[in-house]
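The values are calculated or read from the model by the stated rules, or taken from the named source; none is laboratory data. Please read these numbers as outputs of a predicted model, since none were measured by experiment. Counting neighbours? That spans all protein chains shown, and the Cβs are built from the backbone with ideal geometry, glycine included.
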Amino acid sequence: MNYKEEIEREITENAIVVYGKGTKSMPRCGFTLETIEFFNRFGYPFEVIDVLENMPKREALAELTNWPTLPKVFINGKFYGDTDILGPMAENGELQTTLQEAFGAPPAVKETIDLHQ
Amino acid sequence: MIEDGALTDLIRAELPDAEVGIFDRTGTMDHFNVTVRSVAFRGKTLIEQHQLVYGALKGALKDGRVHAVELKTIVAEG
């Protein structure tokens, strides 16, 4: 299998992709969990792809990004490193702009029901 | 597992002027907070700055001497 093509497809089909260790419901690495919690705060949908057991794909990812560690985050097909990069970007507002551009809209607001009506 | 000094040497092999701060997060000498200050970061994006440091740590990450790094880069002035 050509992992480069698989990665290209995944980062094209999903506006936010996190390559990490474990899944959204069962992260298997503290940094992957931290990244999931980080994106939960923004309210946009994001995909977590587990590559813990897939060494060839991890190597393809490392080669593609010149970045040896997991997790690795892509937004709109572009590599953004990890929360060490995204954290400062969120603080100066750059990430919010990037996400709005990627999704073309602010995040969907969760519907609330007024019980006192 | 790696000593602070050896980790600093790896970074300085790529970034000779680097000031390196290391904190062992877990006491197991393989999960680190690393802060690097260097003039080499000037004019580079944050991603490019981190890529420079990761380039220096590539071997140690690959062979498992270093398992995880929380990295902070600072552009040295003057």
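Descriptive notes on the structure:
Per-residue answers, yes or no, for (1) modelled with pLDDT of 95 or more; (2) more than 11 Å from the chain's Cα centre (by Cα); (3) away from chain A (no Cβ under 13 Å):
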position: B:Asp24; (1), (2), (3): no, yes, yes
position: B:Gly27; (1), (2), (3): no, yes, yes
position: B:Gly59; (1), (2), (3): no, yes, no
position: B:Val69; (1), (2), (3): no, no, no
position: B:Thr73; (1), (2), (3): yes, no, no
position: B:Gly78; (1), (2), (3): no, yes, yes
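- Among residues of region B:40-54 being more than 7 Å from chain A (Cβ to nearest Cβ) and not β-branched (Val, Ile, Thr), the one that is farthest from the chain's Cα centre (by Cα) is B:Gly43.
- Tally of residues being touching a helix residue (DSSP H, G or I) at 6+ places or on another chain (Cβ under 9 Å) and of a type in the set (Lys, Arg) across region B:1-58: 3
- Any hit, region B:35-43, residues being in a loop (DSSP other than H, G, I, E, B), out of contact with any Leu (no Cβ under 8 Å at 6 or more places or on another chain) and surrounded by fewer than 15 Cβ atoms within 10 Å (Cβ to Cβ): yes
- Unmet requirement for A:Gly93, which otherwise passes all of (1) surrounded by 13 or more Cβ atoms within 10 Å (Cβ to Cβ); (2) on the phi > 0 side of the Ramachandran plot: (1)
- Test: residue in region B:1-13 that is within 14 Å of chain A (Cβ to nearest Cβ), out of contact with any Lys or Arg (no Cβ under 7 Å at 6 or more places or on another chain) and of a type in the set (Asp, Glu): no
- Of all the criteria given as (1) assigned to a loop (DSSP other than H, G, I, E, B); (2) at pLDDT 95 or above, the one not satisfied by B:Asp9 is (1).
- In the condition set (1) closer than 23 Å to B:Ile74 by Cβ; (2) crowded, with 19+ Cβ neighbours inside 10 Å; (3) in contact (Cβ under 8 Å) with a residue 40 or more places away in the chain; (4) not hydrophobic (A, V, I, L, M, F, W, C), A:Glu34 is compliant with all but (2).
- Those residues of region B:4-22 which are closer than 18 Å to B:Asp63 by Cα, under 9 Å from the mean Cα position of the chain (by Cα) and of a type outside the set (Ser, Thr, Tyr), in sequence order: B:Leu7, B:Leu10, B:Ile11
- Residue pairs whose Cβ atoms lie under 7 Å apart, separated by 6 or more positions or on different chains, with the first residue in region A:63-90 and at the interface with another protein chain (Cβ under 8 Å from one of its Cβ atoms) and within 15 Å of B:Tyr54 (Cα to Cα) and the second basic (Lys, Arg) and surrounded by fewer than 22 Cβ atoms within 10 Å (Cβ to Cβ), are A:Pro68/B:Lys58; A:Pro68/B:Lys62; A:Asp84/B:Lys72.
- B:Thr26 vs. criteria within 20 Å of A:Gly30 (Cα to Cα), surrounded by fewer than 18 Cβ atoms within 10 Å (Cβ to Cβ) and free of Cβ contacts under 8 Å to residues at least 12 places away in the same chain: yes
- Members of region A:1-31 that are under 17 Å from A:Gly81 (Cα atoms) and either of a type in the set (A, V, I, L, M) or at pLDDT below 95 (or both): A:Ile7, A:Ile11, A:Ala15, A:Ile16, A:Val17, A:Val18, A:Cys29, A:Gly30, A:Phe31
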